[in-house]
Amino acid sequence: MLVHWSVDRVKAGSRGALPALIIDGQDFGTIVHVEMTDGAVSRETRPLDAQGKPLPKTLKERRAILESRRRLQVVNEFREKVLGKSKPPPFDVVIGLVSVFGTSVARTRVNKADWKKYTTKHTGLATHLWSEVVQVLRQRLILQGTLDSVPPLWADLCTLTDTLQISLESLVRAATKDLPEPKSWAKEKHPKGGQAK
C-alpha cells in the first residue's frame with residue numbers, strides 16, 4: 001500500500017508507470033498509473049532544523065534515492081519484457097524453481113478443465129511448468145511499498161537472473177541513461193574552492 005505523497009500520477013504508457021488502485025477518498029475504486037517519487041523517504045523520519053522544518057536531503061541521500069529508482073526501473077523492465085520471453089531454462093532449474101515457489105494454479109478444488117490440462121500436459125512439461133512459475137516470479141517482482149522496499153526486491157532479481165544466467169547489463173545502462181544525475185549535483189560534488197561532499 002502506498003500513500004499519496006510517495007507517488008506521482010503519470011500516463012499509462014510512461015516508462016516505469018505502475019498500475020495502482022485508489023482505496024480511499026472520492027476516487028475510491030479508480031485505477032490510475034503512478035511513479036515513485038522522492039517522497040518515498042518518510043517525512044516523519046527526516047531530521048529537522050531549528051524551526052522544526054525538515055532539512056534538505058544530502059547529496060548521498062539523493063543519490064541513494066536515484067539508484068533505487070533506477071533499480072526499480074530495471075526490475076519492472078525485466079518483469080515485463082524479459083522474464084518468460086525466451087525459451088525455458090534447463091529442466092532441473094525449472095523443477096527447482098517450481099519446488100520452491102510453486103505455480104500460479106489456485107489452491108482450490110480443481111475442475112474438469114484443470115484435470116483435462118493435467119492429462120494433456122505430459123508433452124512439453126518443462127515449457128508448461130516454466131509458464132506457470134513465471135507468473136509467480138512476476139508477482140514477486142512487484143514493488144510492495146515505497147522505495148525503501150527496493151533493496152530486497154533487487155536482491156531477489158539478482159538471484160533470479162544469476163539462476164537463469166541472464167545479464168542485466170543492458171537494462172542497467174538504459175536505466176542510468178533514462179534517469180541521469182541532475183547537472184546541478186556536479187557542483188555539490190565539486191564545489192568551487194572546496195572538497196567534494
Here the gain from full extension of residue 178 to residue 85, 0.36 nm per residue of separation minus their alpha-carbon distance, amounts to 31.2 nm
May I ask you to compute the full-extension gain from residue 188 to residue 103, defined as 0.36 nm times their residue separation minus their alpha-carbon distance, rounded to one decimal in nm?
25.7 nm
For region 139-154, Karplus-derived ³J(HN,Hα) couplings (6.51, -1.76, 1.60; θ = phi - 60°; whole Hz; x for glycine and proline) come out as 5, 5, 9, 9, 5, 10, x, 9, 4, 4, 8, 5, x, x, 5, 5
Skipping prolines and chain starts, which residues have an amide H placed within reach, meaning under 5 Å, of the one on residue 34, given they are 5 or more residues away or on another chain?
10, 18, 20
List the trypsin sites (Lys or Arg not before Pro) within region 57-89 that DSSP assigns to loop and that have no more than 13 neighbouring Cβ atoms inside 10 Å.
85
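Report the net charge of residues surrounding residue 176, where surrounding means a beta-carbon distance below 10 angstrom and charges are Lys +1, Arg +1, Asp -1, Glu -1.
0
Coordinate-derived values only; no laboratory data. Since this is a predicted model, take the numbers as computed values, not measurements. Cβ: placed from backbone, ideal geometry, glycine included. Neighbour counts: every protein chain shown.
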